[in-house]
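Student: Sending over a structure as structure tokens; questions will come in a sec.
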Amino acid sequence: MVSLGASRYPSRFDPARLDEVDPAIRGNIERRLDVLGPGYLLIYNDPVAFVRGRGAHLFDADGRDYLDAYNNVPVVGHCHPHVVEAVSRQLAELNTNTRYAQAGLVDYAERLVARFPDELSRVTFACSGSEANDLALRVARHHTGGEGIIVNRWAYHGITREVASISPSLGEGSPLGANVREIDPPDPGLVPAGLTLAEHMLDEVRRAIADLRRHGFDMAALVLDLSYMSDGIFPEPTDYLQPMIDEVHAAGGVFIADEVQAGFARLGEDMWGFRRQGVVPDIVTMGKPMGNGIPLSAAVFRPEVARDFGERVRYFNTFGGSSVPIAAGAAVLDVFEAERVPERSERVGRILRDGLRELLADAPHVAEVRGAGLLAGVEIVADRETREPDRARTTRVIDALRERRILISAAGSEVSALKIRPPLAFDEADAARFLEGIEQVARLHLGLE
Ligand code: PMP
């Protein structure tokens with residue numbers, strides 16, 4: 001079982017190997033270790049440094065082109081010209097906070113909320129996914145009067161003390177709250193014999209609610225990342241969630257959909273993970289891709305859930321919702337419309353996942369290809385019979401792709417699923433390059449003949 005937070009990155013730089021690093025970046029890494037310390041981990045055994053980005057491509061100082069199949073923040077593509085232009089213009093004109101009437105702020109808030117069901121009509125802006133989740137938890141507690149929180153077993157929801165305490169994937173070094181209970185993600189492999197997945201998920205929630213009660217905690221919230229990214233990527237199936245939410249409501253709690261990963265069309269045509277599931281949450285949080293790299297996040301509420309908190313608690317986030325991040329957010333929505341980004345996520349995602357399934361169908365070390373939209377998880381195993389996770393092999397695959405200048409990472413309880421999560425600028429040519437790279441690597445490391 002993996003316990004240390006840092007070890008959740010399968011391929012990462014080991015400072016003991018400094019001498020082997022490309023001399024062009026060795027000095028920088030040495031100074032980095034001194035001034036930033038080892039907590040700033042560098043991804044990849046053989047670290048990379050970039051000087052430029054465009055679309056789903058990153059370029060190093062020698063002009064070499066890396067295919068980015070990992071970064072979800074630059075959702076419309078690295079340095080998208082429309083976003084660059086909008087942000088630069090706003091920065092040169094005015095950048096101030098939400099305490100002044102600003103047309104851009106209200107226009108964007110309306111545009112964003114219009115992408116939600118009617119029930120979700122109130123928005124608050126912040127700077128990071130962690131802040132949005134932190135606020136969501138405060139509102140949930142205030143509204144319900146309860147403290148109990150239910151999350152997935154390997155969930156990650158952020159870095160403040162509050163959200164770290166509901167993030168089991170941070171490992172043993174980061175304590176969970178006494179008010180937190182963990183449930184299985186919707187992984188068909190975890191369902192006991194004789195139960196459907198939906199029955200198992202409902203049992204999990206019931207058990208958690210009962211245990212919380214027994215320890216004196218009334219329900220505040222069920223918090224789920226509907227891509228189940230850190231739990232190993234389980235966007236399918238989609239038929240189990242409403243009964244879980246009903247159970248939480250009956251116990252007095254609310255449902256918070258953490259869309260920091262799933263939102264902004266990561267999972268295909270639907271803008272939000274909860275849409276695919278056919279449910280309406282009480283609170284939705286979002287961040288990462290929202291400003292294409294400019295810090296911008298939000299929590300969207302049912303007004304009745306947020307009203308009393310809004311009236312009685314002052315929430316002023318100095319940078320949250322200020323003019324420049326709002327300009328970035330609006331430019332991202334412009335590109336979503338102009339380039340039909342959700343449709344591209346659906347279309348190219350299908351090509352990518354179908355391609356992976358076809359290519360890896362006979363690879364003895366691949367148990368499954370999962371995913372939706374431009375998110376794919378490839379479960380790497382020692383052998384298909386036992387389905388024993390094979391983390392070392394997963395790491396070798398990641399490193400071999402990096403050697404071919406293709407960037408991915410891994411996810412899951414055993415960090416044994418390849419995590420393929422490109423910017424949504426990823427197009428057909430990028431998918432073809434990716435599939436070509438993984439075919440070569442699968443012959444070397446996944447037993448493909
Ligand atoms: N929720 C989820 C599901 C996330 O994946 C993350 C970041 N990886 C966060 C919240 C926290 O977001 P941030 O890093 O912007 O604080």
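Read-outs throughout are calculated quantities, based only on the coordinates presented, and are distinct from any laboratory measurement. As the structure is a prediction and not an experimental result, all values here were calculated from the model. Here Cβ is always computed from backbone atoms with ideal geometry, including for glycine, and neighbour counts include all displayed protein chains.
Student: Of the DSSP beta bridges with both residues in the stretch 81-338, give the percent that are antiparallel, rounding to the nearest 5. Kindly include the intermediate steps, with their values, before the conclusion.
Tutor: Values: 9 of 23 bridges.
Counting only bridges with both partners in the stretch 81-338, antiparallel ones make up about 40 percent.
Student: Also, quick follow-up: Residue by residue, what Karplus-based ³J(HN,Hα) values in Hz, rounded to whole numbers, does the stretch 8-24 have, using 6.51, -1.76 and 1.60 with θ = phi - 60° and x for Gly and Pro?
Tutor: My calculation for the stretch 8-24 gives 5, 9, x, 10, 9, 6, 9, x, 5, 9, 3, 4, 8, 6, 2, x, 5 Hz in order.
Student: Let me make sure I get this right: for the stretch 140-279, a, b and c are the square roots of the gyration tensor eigenvalues over alpha carbons, sorted descending. Under 1.5 in a/c it's rounded, otherwise prolate if a/b > b/c, else oblate. Which is it?
Tutor: rounded
Student: Another question, if that's okay. Just to confirm the filter: which GluC sites (Glu not before Pro) across the stretch 122-206 are DSSP coil and have at most 12 other Cβ within 10 angstrom of their Cβ?
Tutor: Of the GluC sites (Glu not before Pro), the ones in loops of the stretch 122-206 whose Cβ has at most 12 other Cβ atoms within 10 Å are Glu172.
Student: Also, I was wondering about something else. Would you please name the trypsin sites (Lys or Arg not before Pro) within the stretch 27-107 that are DSSP coil residues with at most 16 other C-beta atoms within 10 Å of their C-beta?
Tutor: Filter output for the stretch 27-107: Arg64, Arg99.
Student: Then there is this: Be a star and scan the stretch 168-208 for residues whose amide nitrogen sits under 12 Å from the point 7 Å along the Cα-to-Cβ vector of His215.
Tutor: Those under the cut-off are 176-183, 208.
Student: On a C-alpha basis, how far is the centre of the stretch 108-128 from the centre of the stretch 220-280 in Å? Whole number, if you could?
Tutor: What the calculation gives is 17 Å, centre to centre.
Student: For Leu444 and Ala101, what is the calculated FRET efficiency with R₀ set at 45 Å and r taken between the beta-carbons, to the nearest 0.05?
Tutor: The calculated FRET efficiency here is 0.15.
Student: Follow-up question, since we're still on this one. Any chance you could list the semi-axes, whole Å, largest first, of the equivalent ellipsoid that the Cα gyration tensor gives for the chain, using √(5λ)?
Tutor: 33, 29, 21
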